[in-house]
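The values are calculated or read from the model by the stated rules, or taken from the named source; none is laboratory data. Source: prediction; values computed, not measured. For neighbour counting, all protein chains shown are included, and Cβ atoms are generated from backbone atoms with ideal geometry for every residue, glycine included. Side chains included, ligands, DNA and RNA excluded: accessible areas come from the protein's heavy atoms. Shrake-Rupley method; radii C 1.70, N 1.55, O 1.52, S 1.80 Å.
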Amino acid sequence: MYKKSIIVSLILIYLVIIAGAVVRMTGSGMGCPDWPKCFGYIIPPTDASELQWKAERSFEKGQVIIVEETLRVAKTDFTTTDTFNPQNWNGYEKHDYAIFNPWHTWIEYINRLFGALAGIAFLVMLAAAVFKERNRKRILLSLLAVFMIGFQGWIGATVVYSVLSPIRITIHMVIALLIVALLIYMLYEASNLKHRFKFNKSFKIGMFVAIILTLIQIVLGTQVRQHIDEQVDLVGYSAKSLWLENPEVSFYLHRSFSIVVFLLNAWLFYKNRKLVLGHKSFNWVVVLISIEIVTGILMYYLDFPFLTQPLHLVIASVLFGIQFYILLTAFKENIKPAVAAAH
């Protein structure tokens, strides 16, 4: 049960990353302007009329309406009279964003829903570690994972309160990747590997550097994405050809750095094959880097074809996860039981 709960948690974290990429692509980050609820509802509204004041309508404490382009929050449970009474409402103090778009709201809500499901999966994982495994190391790792997913939720809230601060969005993404790394380590620690890996010091060091480079690339990519978001606000979604007309330095760093990433991973692929180190997962690294290059070229030269942006980010996060797993298996030789017995 413990191992299965780790796998489910890992899948859900990647679904959160995918949903977050779609949120970023569609500009839905403020679809729910409050947290953890959405406009004060557990299940968000589907029509603007649900966020308008009406006579003889019952409201619950915390529910939100939009009045004169500002958010108002119900102080208590009450039913409206024939006239609007401002004494029944508090102004929303976290920010002044008060726009309702049903598509944006539900895209962001689905993102949060995956996050909530991931939180439940992490608690199940912790329970399995405590009551089934009864292993101190696994309990501590599970506690760390629960803490990190809780911290990630809090960072997500601050992203909303800051009205999508670029720095906080980047931190949010990096923490998600650290959670992926932790879960992969937990899965590796809980598994009895039967495949044989040979140890090579230069390969191990190269994999460590490759992971750092991938992480740097992802951070640079979030900065490029921020520039694109700013251009979208200026020229609109229809003028895609103008989004990278005058790119910032981060774009050139991101593009140039990709050459270094490709060359290093090509060298690692060659070394793995030549020395027969046994890291078959590296074939996926080559495939994913190839897709990253193709989607990057498509976005730049063909004006951001549909889904290339979220695909570019999601593939990078999957690449990071596979590279981290390869690094774990590169730390020492793993001899098959039959081989070990023969000695």
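Angle between the Cα long axis of helix 136-161 and the longest principal axis of the chain, 0 to 90 degrees, nearest 10?
The angle comes out near 40 degrees.
At 1.4 Å probe size, with the rest of the protein present, what percent of the exposed accessible area of the chain is carbon and sulfur atoms?
Values: 12000 of 18390 Å².
The nonpolar share, carbon plus sulfur, comes to 65 percent.
If contacts are Cα pairs under 8 angstrom and at least 6 residues apart, what is the relative contact order of segment 1-146 in percent?
32 percent
May I ask for the distance between the Cα centers of segment 240-294 and segment 309-330, given as a whole number of Å?
First find each Cα centre; the distance between them is then 11 Å.
Let me know the charge dipole size of segment 15-79 about its Cα centre in debye, to the nearest 20, where only the beta-carbon of Lys, Arg (+1) and Asp, Glu (-1) is charged.
It works out to roughly 160 debye.
Using a 1.4 Å probe, what is the accessible area per residue for segment 22-94, in Å²?
Heavy-atom accessible area per residue stands at 56 Å².
Considering segment 22-171, what Rg and Dmax in Å follow from its alpha-carbon atoms?
18.7, 63
Relative contact order for the chain using alpha-carbon pairs under 8 Å, separation at least 6, rounded to a whole percent?
Over the chain, the number comes to 20 percent.
Would you mind checking which residues have amide H under 5 Å from L71's amide H? H placed 1.01 Å from N; only 5 or more apart, or other chain.
Here the answer is Y92, since their amide H atoms fall under 5 Å of that of L71.
About the Cα centre of the chain, how large is the charge dipole given +1 on each Lys and Arg Cβ and -1 on each Asp and Glu Cβ? Please answer in debye to the nearest 20. Numbers along the way, then the final one.
Details: 31 positive and 22 negative charges, 557 e Å.
The calculation lands at about 2680 debye.
Note the per residue figure in Å³ for the convex hull of the C-alpha positions in the chain.
Per residue, the Cα convex hull of the chain comes to 149 Å³.
Beta carbons within 10 angstrom, averaged per residue: use that to sort the peptides 187-197, 281-291, 81-91, highest first.
Going by the mean number of other Cβ atoms within 10 Å, highest first, we get 281-291, 187-197, 81-91.
Long-range amide H contacts for F39: which residues qualify at under 5 Å (H placed 1.01 Å from N, peptide plane, sequence gap of 5 or more or a different chain)?
D34
Filter the GluC sites (Glu not before Pro) in segment 244-292 down to the DSSP loop ones having no more than 16 other Cβ atoms within 10 Å, then list what survives.
Within segment 244-292, the qualifying GluC sites (Glu not before Pro) (loop, at most 16 other Cβ atoms within 10 Å) are E245, E248.
Give me the percent of Cα-Cα pairs in segment 259-310 that sit more than 12 Å apart, rounded to a whole number.
Of the Cα pairs, 68 percent sit more than 12 Å apart.
Around D77, under 10 Å between beta carbons, what's the net of Lys plus Arg minus Asp minus Glu among the other residues?
Residues near D77 contribute +1 overall.
Per residue of segment 319-333, in order, report the coupling 6.51 cos²θ - 1.76 cosθ + 1.60 (Karplus, θ = phi - 60°) as ³J(HN,Hα) in whole Hz, putting x for Gly and Pro.
Rounded to whole hertz, the list is 4, 4, x, 5, 4, 5, 5, 4, 4, 4, 6, 8, 6, 7, 6.
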